Amino acid sequence: MTTRKAAQDDFWPGDAPQQRRRSRSGMPLIAIVVAAVVVVAAVVVGVVLMGGGDKDAAGPAKVLPTVYTPQAPNADTAGLARRTADPRPLTEGEVFTAATKSVTYRNYAFTLAGSHVSADCKAVTWGERLQADLDKHGCNQIVRGAYVSRDKAHVGQFFAVNLADQAGAEQISRDLNPQAQAGFVVPLEAPGVKDFGRGYSAAYGQIYGHYLVVAWVQRAGGTEPARGLSELIDISLAVEKPGDFVWGRMQLLPDRRTN
């Protein structure tokens, strides 16, 4: 795998100052850090205004991460830019393999507490604007998994959104920014994962061709982490491991099979 250098156009327009976030494979990923307390506070206010974890009588909990960090599309998965080259639906077994039912990074270890694949993208999301964009860009699956750390101190959510093309993945990633007030994916309920998204949390999005993969993490109970975003970045690098399914998909592309 090649290592890609950061360029000015790697970032969404208007992004805040950035720092490097390194994947478990050692590939540098571009992460956006909300460095000013004022910015974080503004996002939290936005969460409260949009529902902040309240549940409608007939709908799911409307929770948002405190911070959402989008990353530039992965250049090594350009072959997956269109679903027409990769039409086979995702399955739970493909995404949550034996290797990703227990995931680790540094001192953090997590176990998969539950998983689900939905072919109805609207049913597992909230927000009219987000749902309209999911429909516009051909969302046909959202795969979700809930993780609990071995010491029960942290919880995480993994999800992968299957869209028609990379442009759609880029748009949905923009929609997931809490400041866009467009909506979010509903956390998967599972044993040990209660009221996920309440309090302080951080989500990290990566685009792999027509897939958007997100790791959303927090301390159990939503308390602010002692090490701030550094702690949550480390946790996210464990929880995002099911996203490795994209490399298997790359190997199955027609041009790869003929080489």
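Of a type outside the set (Phe, Trp, Tyr) and modelled with pLDDT under 95: does that describe ASN107? Outline the logic, then answer.
On the way: of a type outside the set (Phe, Trp, Tyr): yes; modelled with pLDDT under 95: yes.
In short, yes.
Among the residues of region 116-129, is there at least one that is exposed (fewer than 14 other Cβ atoms within 10 Å of the Cβ), closer than 14 Å to VAL185 by Cα and among the basic types (Lys, Arg)? If you could, list the steps in order and put the result at the bottom.
Keep residues of region 116-129 that are exposed (fewer than 14 other Cβ atoms within 10 Å of the Cβ), which gives 119-120, 123, 128-129.
Applying the additional criterion that residues be closer than 14 Å to VAL185 by Cα yields 119-120, 123, 128-129.
Now narrow it down to the ones that are among the basic types (Lys, Arg): 129.
Looking through region 116-129, at least one residue is exposed (fewer than 14 other Cβ atoms within 10 Å of the Cβ), closer than 14 Å to VAL185 by Cα and among the basic types (Lys, Arg).
Just give me the residues in region 131-141 being more than 22 Å from PRO87 (Cβ to Cβ) and out of contact with any strand residue (DSSP E or B) (no Cβ under 7 Å at 6 or more places or on another chain), in sequence order. Even if it seems obvious, please write down each step before you answer.
At the first step, the residues of region 131-141 found to be more than 22 Å from PRO87 (Cβ to Cβ) are 131-132.
Passing the criteria: only ALA132.
Go through region 174-193 and give me each residue that's in a loop (DSSP other than H, G, I, E, B) and surrounded by fewer than 20 Cβ atoms within 10 Å (Cβ to Cβ). Steps first, please.
Initially, region 174-193 is screened for residues in a loop (DSSP other than H, G, I, E, B), giving 176-177, 181-183, 186-189, 191-192.
If the condition is that a residue be in a loop (DSSP other than H, G, I, E, B) and surrounded by fewer than 20 Cβ atoms within 10 Å (Cβ to Cβ), then GLN181, GLU189, PRO191, GLY192 are the ones that fit.
Would a scan of region 222-233 turn up a residue that is touching a His at 6+ places or on another chain (Cβ under 6 Å) and on the phi < 0 side of the Ramachandran plot?
First, pick out the residues of region 222-233 that are touching a His at 6+ places or on another chain (Cβ under 6 Å): none.
No, every residue in region 222-233 fails to be touching a His at 6+ places or on another chain (Cβ under 6 Å) and on the phi < 0 side of the Ramachandran plot.
State all residues of region 142-168 that are touching a strand residue (DSSP E or B) at 6+ places or on another chain (Cβ under 7 Å), over 20 Å from GLU92 (Cα atoms) and aliphatic (A, V, I, L, M); if no residue qualifies, say none.
ALA153
The values are calculated or read from the model by the stated rules, or taken from the named source; none is laboratory data. The shown structure was predicted, so the numbers you read here are calculated from the model rather than taken from an experiment. With ideal geometry, Cβ positions are generated from the backbone for all residues, glycine too; neighbour counts draw on all protein chains shown.
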